[in-house]
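Dropping a structure here in structure tokens format, bear with me for questions.
The values are calculated or read from the model by the stated rules, or taken from the named source; none is laboratory data. Being a predicted model, the structure only gives us computed values, none of them experimental. With ideal geometry, Cβ positions are generated from the backbone for all residues, glycine too; neighbour counts draw on all protein chains shown. Heavy atoms of the whole protein, side chains included, go into the accessibility calculation; ligands, DNA and RNA do not. Shrake-Rupley method; radii C 1.70, N 1.55, O 1.52, S 1.80 Å.
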Amino acid sequence: MRTIGPRTALCAVLLHPAGHTRSPAMHNAAFEALGIDAVYVAFDVAPSGLADAVRGARALGLRQLAVSIPHKEAALALCDEVDATARRIGAVNTLTLDGGRWIGSNTDWLGAVRALERTTALAGRDAVVLGAGGAARAAVFGLLERGARVRVLNRTPARARELAAELGAGGAGPLEAIGDAPFDVLVNTTSVGLREDVSPIPPGAIPKDAVVLDAVYDPPRTRLLRDAAARGARIVEGKWWLVHQAAEQLRLWTTRDAPLDAMAAAFDRAGT
Ligand code: ATR
């Protein structure tokens, strides 16, 4: 157990409802592994209290705030400065204190990209992103940034078209359009698979040489990932998206490289 003293730095994740978050576990494991005198805690903050919480955190000298559901868009307006990437994605998931100012960033896109890059290069690949919410925006931005071609498919195709047009993805349509063109990389950002053992697409739609990442991390092996593995495709569990986005948060604050294995192990322990 680390000693908490007057110089111990405090960081926090803000989310609502209080639900389970594995962010403190990952960050505290990283602090421990790197010998950083800091603790990461979680605060349940309702949307009506977000502005007060962000102001209060500055007054208290917190060093970094991770903002999670449902605050990622509202937090953008509460930063003193927002980096160009977060502005383009339209959401911040990280506020880092710098000279008394909150600098807003988005590490979700890098989390998705680095999770995929554990298994495949992305330049020149044909990617499909399922969903059109905040996680989809981050994934689409990241894939385009790495030079992939991207189609966005969503239950509500109008949202997919809007997202694709805004971020410059090449195509958009309904989920049923999955079979219309071949692809190498598939990222699911819909919540399908979270509560029920179902997949957003039929197994036969997954090419055997594809790489498939699911943003759903609980269960670790969603129906989509099991279907993909059964087809012979390579799979990346949602855990890695979260671990890599947290690793980038740590780097933003401390400039240190994150101990990925320690963070992944803490992620697993926090889920049991
Ligand atoms: P986030 O910001 O985490 O990405 P979100 O904005 O709530 O979350 O987006 C959830 C995504 O899951 C949406 O793309 C949603 O599709 P719609 O735009 O049609 O609502 C998708 N989704 C949720 N439930 C779904 C279901 N049962 N079948 C297919 N897609 C679903």
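If I filter region 1-49 down to residues being buried (at least 16 other Cβ atoms within 10 Å of the Cβ) and among the polar types (S, T, N, Q), which single residue comes out as farthest from the chain's Cα centre (by Cα)?
Checking each candidate, the answer is N28.
Still on this structure: Does region 55-85 hold any residues that are touching a residue at least 40 places away in the same chain (Cβ under 8 Å) and open to solvent by 20 Å² or more (accessible area, probe 1.4 Å), and which are they?
R58, L60, G61, R63, S68, I69, P70, K72, E73, T85
Moving to a separate point now. For the structure I just gave you, tell me whether R114 is in a helix (DSSP H, G or I) and either of a type in the set (V, I, T) or within 30 Å of G147 (Cβ to Cβ) (or both).
yes
Could you grab the pairs with beta carbons closer than 9 Å, sequence gap of 6+ or different chains, first residue in region 170-184 and without any contact (Cβ under 8 Å) to a residue 24 or more places away in the chain, second one hydroxyl-bearing (S, T, Y)?
Here the result reads P174/T156, each pair linking region 170-184 to a residue that is hydroxyl-bearing (S, T, Y).
Could you list, in sequence order, all residues of region 227-264 that are under 22 Å from A136 (Cβ atoms) and over 18 Å from the mean Cα position of the chain (by Cα)?
D227, A228, A233, R234
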